[in-house]
């Protein structure tokens with residue numbers, strides 16, 4: 001008799017877990033997912049316990065979920081404020097080198113500390129730009145996106161976000177490009193090999209310009225109204241650093257609006273602390289070997305933004321990294337980096353509720369729709385999840401409805 005009582009007690013105690021698992025199993029094995037790739041992992045960071053897993057160890061194209069890795073990198077390597085300029089005075093000349101800071105004159109931040117600093121200098125200014133040892137685009141980026149705002153080139157001394165902004169009244173910023181804007185219809189907004197820009201309808205355009213060392217010098221000169229010179233060497237010894245904005249402000253902007261350019265430059269800035277040259281592969285390898293050597297599935301990670309289809313991560317990988325951040329960073333600060341369902345960023349119009357419960361990074365491109373982050377349950381628990389969809393023919397809106405079912409169930413039952 002005692003044996004049966006014990007069995008009944010065990011079944012009774014574990015019945016809620018059985019029901020939770022049964023609901024999730026029936027969802028992920030439904031006909032909706034029959035012809036696509038889906039993975040889901042749910043984790044309790046307080047108990048350090050995996051609560052549910054469905055194909056969480058499989059590789060997926062992450063798209064902008066990759067920015068979670070970039071956030072982790074910046075938090076591990078960069079100081080509390082963004083280094084914006086490296087400089088030294090030698091033989092009556094001011095030597096300066098870019099650090100990859102993307103905020104100088106960038107349309108959202110409008111940061112001018114570097115420009116004001118240089119404007120106030122009386123010494124000749126020599127600009128060093130040979131600390132960039134990378135390609136303008138990362139491996140696997142789509143060439144046909146070259147004139148889209150989300151494909152701005154990577155560079156050592158970005159200005160204006162490496163973007164030309166053209167208003168509906170044809171006001172151009174930076175004004176340097178004013179004469180290079182043509183009002184005519186064209187397949188692409190810019191020539192592939194030249195800084196010639198095409199607009200046809202009255203709206204605001206944001207178009208990447210082709211960067212070069214000579215162009216960087218000209219743009220600096222136009223802002224500070226004085227001549228600057230290119231140098232192939234930079235003085236040895238200790239350098240001074242000019243800082244711009246709080247690093248958290250940069251991370252938050254990158255994550256909330258999923259800004260690809262900011263993400264790429266965060267990796268480049270971080271690489272300077274590893275190798276004194278800007279190279280994203282160097283810092284990626286450093287992070288994987290030094291900080292993430294126990295990541296569940298060794299990822300293929302090639303860029304900071306997730307624009308590349310060469311990236312491969314598993315849901316368990318993202319849960320692992322999010323758990324690392326959960327235990328390293330105060331929760332209020334950590335959640336502030338992520339779009340909030342129904343409130344802001346890329347989730348402003350999704351997962352609306354009286355009490356916000358989803359704090360997560362989106363990741364989408366053709367046949368890719370992912371969400372990874374944190375979910376706050378009605379019992380007050382904060383759980384970590386990664387929900388990844390690849391190779392589907394459903395609409396994104398229908399996928400969101402399926403995902404919402406899971407998120408609401410977890411919120412209400414865990």
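Computed from the coordinates by the stated procedures, all read-outs in this text should not be read as laboratory data. Model, not experiment: these values are computed from the prediction. Cβ atoms come from the backbone with ideal geometry, glycine included; neighbour counts cover every protein chain shown.
Odds and ends about this structure:
- Estimated distance in nm for a label pair at residue 34 and residue 343, the labels positioned 7 Å out from Cα along Cα-to-Cβ: 4.0
- Sorted by Cβ neighbour density within 10 Å, fewest at the top, the residues 273, 229: 229, 273
- Between helix 260-275 and the chain: long-axis angle, C-alpha atoms, 0 to 90°, nearest 10: 80
- Normalised by the number of residues in region 82-245, the average gap of Cα pairs under 8 Å and 6 or more apart makes the relative contact order 32 percent.
- Nearest-0.05 FRET efficiency for residue 22 and residue 206, computed from C-beta distance (R0 45 Å): 0.40
- For 266, 175, order by how many other beta-carbon atoms lie within 10 Å, fewest first: 175, 266
- Debye log10 I(q)/I(0) for the chain, one point scatterer per Cα, at q = 0.06, 0.11 Å⁻¹: -0.29, -0.86
- Calculated FRET value between residue 236 and residue 122, using beta carbons and R₀ = 25 Å, to 0.05: 0.55
- Taking label positions 7 Å along the Cα-Cβ direction at both residue 225 and residue 186, the computed distance is 3.2 nm, reported to one decimal.
- Rg and Dmax [Cα atoms of region 195-354; Å; Rg one decimal, Dmax integer]: 19.7, 58
- Two-site FRET efficiency, residue 170 against residue 213, from Cβ-Cβ distance with R₀ of 35 Å, rounded to 0.05: 0.75
- Each semi-axis of the equivalent ellipsoid for region 360-414 is √(5λ) with λ an eigenvalue of the Cα gyration tensor; in descending order they amount to 23, 12, 7 Å.
- For region 47-204, the fraction of C-alpha pairs farther apart than 20 angstrom is 66 percent.
- Spacing of the modelled spin labels on residue 413 and residue 53, each 7 Å from Cα toward Cβ, amounts to 2.1 nm.
- Kirkwood hydrodynamic radius over Cα pairs of region 244-307, then Stokes diffusion coefficient at 25 °C and 0.890 mPa s, in µm²/s: 195
- Considering every alpha-carbon pair of region 212-269, the percent of pairs per 5 Å bin, from zero through the bin containing the longest distance, is 4, 13, 14, 15, 21, 20, 10, 3.
- Euclidean distance between Cα centres, region 260-299 to region 320-391, Å: 23
- Take every DSSP beta bridge whose two residues both sit in the chain; close to 80 percent of them are antiparallel.
- Ranked list, fewest to most other Cβ atoms within 10 Å of each Cβ, for 141, 301, 37: 37, 141, 301
- Gyration tensor over alpha-carbon atoms, region 286-414, equivalent ellipsoid semi-axes in Å: 23, 20, 13
- Percent of C-alpha pairs per 5 Å bin in region 149-189, short distances first: 5, 20, 26, 26, 17, 5, 1.
- Degrees between helix 315-328 axis and first principal axis of the chain (Cα, 0 to 90, nearest 10): 80
- Here the contact order of the chain, divided by its residue count and restricted to Cα pairs under 8 Å and six or more residues apart, works out to 23 percent.
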